[in-house]
Amino acid sequence: MSALQPTIVATSIGFQPDGPDLSNFRPGPAYSLAARLARAGQHPRLCIIATAVGDNPAALASMHNAFSKLDMVVSHLRLFPMPNVDDIEGHLAKQDVIWVSGGNTANLLALWRVHGLDRVLRAAWEAGTVLMGVSAGSLCWHVGGTTDSFGLPLHPMTDALGFLPYSNSPHHDAEPERRPLIHKLIGDGTLPAGYATDNGAGLVYHGTDLYEAVTETPGALAYEIQREGDGARETPLPTRIL
C-alpha cells in the first residue's frame, strides 16, 4: 500500500545505541511511525540513501543492521562510484519508506541533481512513498536552512529541493549557531518562515502542510519560526511523545 497523501517525516532523530558496540544501533519509534504512515505491511520496504556520507560502506552496514531489527526489507541506493541499481526510479517506486541519512547537504543535493534523483524522489513522494530523513535528510526537503556543509561557521542554504515551502533548522538546541542564524535569515528575508527541531524531535508533513510534531526524547520540541519586522518570532509547537 502507500500513504494516504504525500508524506514527509523530517527529523533531528538519529538511532539509539544498542549495547556497548559503538557501531550497533536500534531505530526508535519514529521509524516505525513512518512505516505506519506508509501503510506498509508486516515487513516494510525501506531504502537507505546515504549520499550525504559519501555512501560510506561502514555506515551503510551499520544502517542496514539497525533497520533489520524492525523486520524491514532493507535496501540502499548508492551513487558512489556509480549507481548500484540499474533502474533507480523503479527501485524507489517499490519502497514504502525512503530514508536519507545526515551528512553533507550541499554534496547530497549536487549529486542528486546530476543523477536526476530530485525528480525521481518527487515522483515517489507524490505516489505515496514516505520520505524520511535526519539532519541533512530533513533539510533537503525544504527550501533551505542552515548547514555545516562548508565547515564552520554555519552557512545559509537557499537552494534545497523545495518540496516543502519552508525553511528548516535541525539540531536547533544542540548547536549554538543554529538558532541565531536561522532567526537572522528569516528576519532579513533570505529564507521563508519555517520550522525547527531539537535533537530527538521531528516534523510530519501531509502534502505541504505540517500535520504534527513528534519526539522520541521527553523535553525535545519542534518550533515554528515566523518573520516579525526585521527579526523572527519562535513559537514552540505541541510535540507528541512517541
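Residues that are under 17 Å from the mean Cα position of the chain (by Cα) and of a type in the set (Gly, Ala, Ser) are absent from the stretch 182-189. Check whether at least one residue in the stretch 121-142 is in contact with a helix residue (DSSP H, G or I) (Cβ under 6 Å, 6 or more places away or on another chain), open to solvent by 20 Å² or more (accessible area, probe 1.4 Å) and not hydrophobic (A, V, I, L, M, F, W, C), and report yes or no. No, the stretch 121-142 contains no residue that is in contact with a helix residue (DSSP H, G or I) (Cβ under 6 Å, 6 or more places away or on another chain), open to solvent by 20 Å² or more (accessible area, probe 1.4 Å) and not hydrophobic (A, V, I, L, M, F, W, C). Only one of the numbered conditions (1) open to solvent by less than 50 Å² (accessible area, probe 1.4 Å); (2) out of contact with any Cys (no Cβ under 9 Å at 6 or more places or on another chain); (3) farther than 20 Å from residue 221 by Cα is not met by residue 163, and that is (2). Residues that are within 21 Å of residue 148 (Cβ to Cβ) and in a loop (DSSP other than H, G, I, E, B) were ranked within the stretch 94-114; the one that is least open to solvent (accessible area, probe 1.4 Å) is 101.
The residue list 189, 200, 194 contains one member that is of a type outside the set (A, V, I, L, M) and more than 20 Å from residue 136 (Cα to Cα), which is 189. Filtering the stretch 33-86 to residues that are among the β-branched types (Val, Ile, Thr) and out of contact with any Gly (no Cβ under 7 Å at 6 or more places or on another chain) leaves 48, 49, 51, 73, 74, 85.
Within the stretch 143-156, the set of residues being under 20 Å from residue 208 (Cβ atoms) and either among the aromatic types (Phe, Trp, Tyr) or open to solvent by 10 Å² or more (accessible area, probe 1.4 Å) (or both) comprises 143 only. Checking 117, 185 one by one, the residue that is farther than 20 Å from residue 225 by Cβ and open to solvent by less than 10 Å² (accessible area, probe 1.4 Å) is 117 and no other. Filtering the stretch 198-242 to residues that are crowded, with 17+ Cβ neighbours inside 10 Å, assigned to a strand (DSSP E or B) and aliphatic (A, V, I, L, M) leaves 201, 203, 204, 210, 213, 214, 222, 225, 232.
The values are calculated or read from the model by the stated rules, or taken from the named source; none is laboratory data. All figures in this text were calculated on a predicted structure; none of them were measured in a lab. Note that we place each Cβ from the backbone using ideal geometry, even for glycine, and neighbour counts take in every protein chain shown. All accessible areas refer to the heavy atoms of the entire protein, side chains included, with ligands and DNA or RNA removed. Shrake-Rupley method; radii C 1.70, N 1.55, O 1.52, S 1.80 Å.
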